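Step one of this worksheet: look at the structure below.
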Amino acid sequence: MKGVILAGGHATRLRPVTKATNKHLLPIGQKAMIEYPLRTLTMCGIKEILVVTGAGHVGDIVNYLGSGAEYGVNFTYKVQDEAGGVAHALSLAEHFSQGDKLMVVLGDNIMRDNLKKEVEKFEKRETGAHIFLKRVKGDITRYGVAEVKGNKVVSIEEKPKHPKSNYVVTGTYLYDSDVFDIIRTFKPSARGEYEITDVNDAYVKKGLMTFSIIKGPWTDAGTFETYSRANRLAYENKLGF
């Protein structure tokens, strides 16, 4: 199993502070944001990690993370020339994966849970994908939302106006090597991006998608509201970092 951190995009919802730096280098507590998804991977024993980021700040990311020796891992870096969406960024990991399964974490995904048991279980599967869900109160219309029945994912809808559940698809995913063939079948969405929800929904339709529920604190940090929440969790020592 190899790891991928997706740390690209323009972070327009955090402007103007992201005009001068990649949002994933902003502090959450006493750590840079990107160190939280990194910890999610390393807690699962993953040592080979690809970091995908935009051309504008790749030097800053490399300067901060280095070779990976400080974290006990080995980093590879890939530049996403244009912000073509999460699925497009993931497609850049094909050569890096070399047919191995991948654990993919968005660079602003902040959680406390150790997912090692779920990862070890997934490694024993021949095919498929696995997503991590979080039951969230309040407005969830800016997220991907999963409809589940029993132990099965029935559907996943991106930014639904009328969500069918309160289970948000967090920014952490497990994929087999077929994910790249799936991405190649897609066209950009109405907003000009290759959507990760379309990737996940493809696995759902094949009956190859499983899920787990995040039990501890979780948030993204893509808006000022959720960025503030992430910092509150960090300073209240609820992230275990």
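Throughout, read-outs are computed from the coordinates displayed, never taken from laboratory work. As the structure is a prediction and not an experimental result, all values here were calculated from the model. Glycine also receives a Cβ, built like all others from the backbone with ideal geometry; neighbour counts cover every protein chain displayed.
Please find the FRET efficiency linking E123 to E225, where r is the Cβ-Cβ separation and R0 is fixed at 30 Å, and quote it to the nearest 0.05.
Numbers: r = 36 Å, r/R0 = 1.20.
For E123 and E225, the calculated efficiency is 0.25.
Only Lys, Arg, Asp and Glu carry charge here, each on its Cβ (+1 for the first two, -1 for the last two); on that basis the stretch 1-117 has a dipole of about 380 debye about its Cα centre. Cross-link partners of K2 among lysines, defined as those whose alpha carbon lies under 21 angstrom from its own and excluding same-chain residues fewer than eight positions apart: K47, K78, K101, K116, K117, K121, K124. Considering all different alpha carbon pairs of the stretch 1-86, the Kirkwood hydrodynamic radius works out to 13.2 Å.
Within straight-line reach of K164, meaning a Cα separation under 12 Å, sit the following aspartates and glutamates at least 8 residues removed in sequence or on another chain: E147.
Near F211, the amide H atoms lying under 5 Å from its own belong to I131; only residues 5 or more places off or on other chains count, and H is placed 1.01 Å from N.
For the chain, modelled as a GNM whose springs connect Cα atoms under 10 angstrom apart, the maximal fluctuation among V199, V105, V148 occurs at V148.
The slack in the chain from K137 to D178, taken as 0.36 nm per residue of separation less the alpha-carbon distance, amounts to 11.4 nm.
Between I49, L102, T226, the Cα set farthest toward the positive side of the dipole of the chain (charges on each charged residue's Cβ, about the Cα centre) is that of T226.
Put in order of Cβ neighbour count within 10 Å, fewest first, the listed residues R232, R184 become R184, R232.
Under a point-charge model restricted to the Cβ atoms of Lys and Arg (+1) and Asp and Glu (-1), what is the dipole moment magnitude of the chain relative to its Cα centre, in debye to the nearest 20? Could the numbers behind the result be given before it?
On the way: 34 positive and 28 negative charges, 174 e Å.
Computed about the Cα centre, the dipole is about 840 debye.
Considering only E193, E70, E48, the Gaussian network model of the chain with Cα springs below 10 Å gives its largest mean-square fluctuation to E70.
The distance separating the Cα centre of the stretch 158-176 from that of the stretch 210-241 comes to 16 Å.
So how much slack lies between T12 and E158, counting 0.36 nm per residue of separation and subtracting their Cα-Cα distance, in nm? Numbers along the way, then the final one.
Numbers: separation 146, 0.36 × 146 = 52.56 nm, distance 1.90 nm.
Gain on stretching T12 to E158: 50.7 nm.
Cut-off 10 angstrom, C-alpha nodes, Gaussian network model of the chain. Which of G216, G138, G171 fluctuates the most? Looking only at G216, G138, G171, the largest GNM fluctuation is found for G138.
Shown here: the chain, whose C-alpha atoms stretch 42, 41, 37 Å along the first, second and third principal axes, sorted largest to smallest.
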